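Some notes on the structure that comes next.
Rule-based calculations on the coordinates, nothing more; no lab input. Given the structure is predicted, the values throughout are model-derived calculations rather than measurements. No Cβ is skipped: glycine too gets one built from the backbone with ideal geometry, and neighbour counts run over all protein chains shown.
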């Protein structure tokens, strides 16, 4: 039952992410890409901070940025649902901890907020 609920939650997050209005657009010859809300230069800088990464293409930077946005959106929605259960509108650390503990997809994050 929990797997089905988490799959439905992920699907809803993906659908809502597709409906987000981007703040920035980049033009390429003949193409127009909706870009991220996160700055590409910062993402590229973080990627290059890894000693295993020597070069990062623009497409790779974009893919990492989009994946980051979707990940943050999903975990925040889960944390917000825990905040609402506590009759609050502000997400607290305990809400993020509860979201991590409750969702199998976030198992790799267990213990990182300690």
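Sort 87, 44 so that the residue with the fewest other Cβ atoms within 10 Å of its own Cβ comes first and the one with the most comes last.
87, 44
How do 50, 101, 114 rank when sorted from fewest to most other Cβ atoms within 10 Å of their own Cβ?
So the ranking, lowest neighbour count to highest, is 114, 50, 101.
Going by how many other beta carbons lie within 10 Å of each one, how would you line up 90, 103, fewest first?
So the residues, fewest neighbours to most, are 90, 103.
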